[in-house]
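S.K.: The following block contains the structure, expressed as structure tokens.
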Ligand code: 2AM
């Protein structure tokens, strides 16, 4: 199964991010991420066998992460897959430490492949016209987190569907 570790926005923030996704979609088109799927990917693991996934879920349930606050105040894009995202510098270093620590553990569990770089972002649109991302409204949102989730992604004709498999200690 295809797995990843992510932070999931609390409901109020999710709604605000959804509103930003609507604004971006009106401008840039593409495929809007459903509110329920909005997240920050910390570690994409790709295909993991079921037995290993069960081990990973048990590890996640026992994990306590350092709580933090990430300020979202910037629009961004990845040109090639046409991704429009929001992110921000304040709190990014702490997310980098969280991501780095997770990858050290994942490597010792023999899972996944640490990416060359980490650019924290919340994807709002895929396959969008990223050139139209000028003069977007200012953003100032704050994301307080203290838990991460292990999520299974299933691909179908409508895109990816996500299912929570485990949550870390709160
Ligand atoms: P994203 O974080 O830019 O949206 C589940 O598929 C999540 O893992 C998505 O959020 C996705 O990108 C990220 N992801 C998908 N495939 C990936 C890959 N090959 N490498 C890194 N991240 C990937």
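FYI, it's all coordinate maths here, none of it is from the lab. This structure is a prediction, so every number in the text was calculated from the model and none was measured. Note: ideal-geometry Cβ built from the backbone for every residue, glycine included; neighbour counts use all protein chains shown.
S.K.: Taking springs between alpha-carbon atoms closer than 10 angstrom, which of 18, 62, 82 fluctuates most in the Gaussian network model of the chain?
M.R.: Checking each option, the largest mean-square fluctuation is seen for 62.
S.K.: Let me ask something additional. Any idea what angle helix 11-28 forms with the longest principal axis of the chain, computed on alpha-carbon atoms, 0 to 90 degrees, nearest 10?
M.R.: 50
S.K.: Can you sort 123, 154 from fewest to most other Cβ atoms within 10 Å of each residue's own Cβ? Don't skip to the end; give the middle numbers.
M.R.: On the way: 123 19, 154 11.
Ascending number of Cβ neighbours within 10 Å: 154, 123.
S.K.: Still on this structure: By how many nm would the segment from residue 57 to residue 167 lengthen if fully extended, with 0.36 nm per residue of separation less the alpha-carbon distance?
M.R.: 38.8 nm
S.K.: Further question on the same structure: Starting with the fewest neighbours, write out 44, 4 ranked by other beta-carbon atoms found within 10 Å of each beta-carbon.
M.R.: 44, 4
S.K.: Further question on the same structure: Order by neighbour count: 69, 122, fewest other Cβ atoms within 10 Å first, most last.
M.R.: The fewest-first ordering by Cβ neighbours comes to 69, 122.
S.K.: Quick one: of the DSSP bridges fully inside the chain, what percent are antiparallel, nearest 5?
M.R.: Around 100 percent antiparallel, to the nearest 5.
S.K.: Residue separation times 0.36 nm, minus the C-alpha to C-alpha distance between residue 79 and residue 142: what's the value?
M.R.: Length gained, residue 79 through residue 142: 20.1 nm.
S.K.: How many angstrom lie between the Cα centre of segment 10-89 and the Cα centre of segment 104-131?
M.R.: What the calculation gives is 10 Å, centre to centre.
S.K.: Would you please classify the overall shape of segment 2-167 from the alpha carbon gyration tensor, given that a ≥ b ≥ c denote the square roots of the eigenvalues, rounded means a/c under 1.5, and beyond that prolate means a/b larger than b/c while oblate covers the rest?
M.R.: Taking the square roots of the gyration eigenvalues as a ≥ b ≥ c, segment 2-167 is prolate.
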